[in-house]
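Report on one structure; see the data block that follows.
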Amino acid sequence: MLMFRSCILSFLLVILGSCSLNKVFLHPHVLHIDDDFSTYVEEVNDTLMMTFTAQRAPIVLNSKGEVPKLSYNLENIFFPNSNGNTLNAWLFTPKDNFNGQTIYFLHGNAGHLVYQFNFATPFVNAGYQVFIQDYSGFGFSGGKATRKHVYQDGQDGFDYLLSREDVNYNKLLIYGQSLGGHLASVIATDNQDKIDALIIEGAFSSHKDIAASSVPVLGRIFTREIYSAEKSLPNFHKPILIIHSTEDKRIPYSHGERLLEVANEPKELYTIKKKHIRGPIYYADEIVAKMKKMVE
């Protein structure tokens, strides 16, 4: 009987171990140069198509196969991370209406840069410069997708952005969605002397809390908390905007309430509707107005 219990315990430890939980928290999609995508873009009232060169740079064309007249430039970037792998990033820069503010955008636990296009461009159209990257194992980024690597990549991307002397701005904000919102809380706290505000949308309070929603009791017990928004935010002393939907089926609204509870003033919980992390799609104007007020 003792042997049986030991075997069961060992099995549970394997299932709930770090490697297995990486698959619970991370759902990366790899990009290939022969992939192609399309999406309707209201700015040009047309469907834009994206393909890639042999150098893995994006090519954007309209439905007529012509280069569209967009209000921003898109720079494709590859830079080394601290693990010796290469990360892929995009830098959106408005052509005419740049408001002097830059957003370091940390995306969620699935997909890749192309999937984040419609989340980033509403802010670009509002005048923000946006830097967004893929974590290790996502898109064209090298390396393996693990929670530890996500944290390292979050800091490496921030360091790279600050190292670009040609990327000018007056205010620097960090915006994170879902897993990226949880990560943004930690990166912002670690670097709060270099930023002006933090915005997190649909973020979970801790790895233990979200693991417990999948594997009750045991998920909380056996999940190792590599880094935690819940533990970081009490040490963050810059303006913070927490965005969460009451209709979010992936990360319950209670996580947003918990993060508000541990955060310092000035803070705000902006309650929205719609599915998980749809704020930039349906509430861009309201979010932008709140972001501007945060850094005044």
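Points worth noting:
- Selection over region 262-296 of residues that are part of a helix (DSSP H, G or I) and in contact with a helix residue (DSSP H, G or I) (Cβ under 9 Å, 6 or more places away or on another chain) gives a count of 10.
- Here residue 47 fulfils each of the conditions (1) modelled with pLDDT under 95; (2) loosely packed, with under 14 Cβ neighbours inside 10 Å; (3) touching a strand residue (DSSP E or B) at 6+ places or on another chain (Cβ under 8 Å) apart from (1).
- Residue in region 8-27 that is at pLDDT below 95, assigned to a strand (DSSP E or B) and under 20 Å from residue 120 (Cβ atoms) present: yes
- Within region 77-98, at least one residue is under 20 Å from residue 166 (Cα atoms), among the basic types (Lys, Arg) and modelled with pLDDT of 95 or more.
- All conditions but one from (1) among the β-branched types (Val, Ile, Thr); (2) buried (at least 16 other Cβ atoms within 10 Å of the Cβ); (3) over 15 Å from residue 176 (Cβ atoms) apply to residue 67; the one that does not is (2).
- Put simply, of 98, 123, 105 the only residue that is crowded, with 23+ Cβ neighbours inside 10 Å, hydrophobic (A, V, I, L, M, F, W, C) and more than 11 Å from the chain's Cα centre (by Cα) is 123.
- Contact map, region 169-182: first residue in a strand (DSSP E or B), second residue among the acidic types (Asp, Glu), Cβ cut-off under 7 Å, separation 6 or more or different chains; pairs are 171/196; 172/196; 173/196; 177/201.
- Residues of region 81-94 satisfying the condition of being within 18 Å of the chain's Cα centre (by Cα) and not in a strand (DSSP E or B): 81
A quick yes/no check of all residues on (1) within 23 Å of residue 203 (Cα to Cα); (2) outside any loop (DSSP other than H, G, I, E, B); (3) not assigned by TED's automatic domain parsing to the domain that holds residue 276:
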{"position": "75", "(1), (2), (3)": "no, yes, no"}
{"position": "79", "(1), (2), (3)": "no, yes, no"}
{"position": "96", "(1), (2), (3)": "no, no, no"}
{"position": "99", "(1), (2), (3)": "no, no, no"}
{"position": "130", "(1), (2), (3)": "yes, yes, no"}
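- Filter result for the condition that a residue is crowded, with 23+ Cβ neighbours inside 10 Å, modelled with pLDDT of 95 or more and either not hydrophobic (A, V, I, L, M, F, W, C) or not assigned by TED's automatic domain parsing to the domain that holds residue 145 (or both), over 192, 177: 177
The values are calculated or read from the model by the stated rules, or taken from the named source; none is laboratory data. Everything quoted here is computed from the prediction, not taken from an experiment. Every residue, glycine as well, gets a Cβ built from its backbone with ideal geometry; the counts of neighbours run over all protein chains shown.
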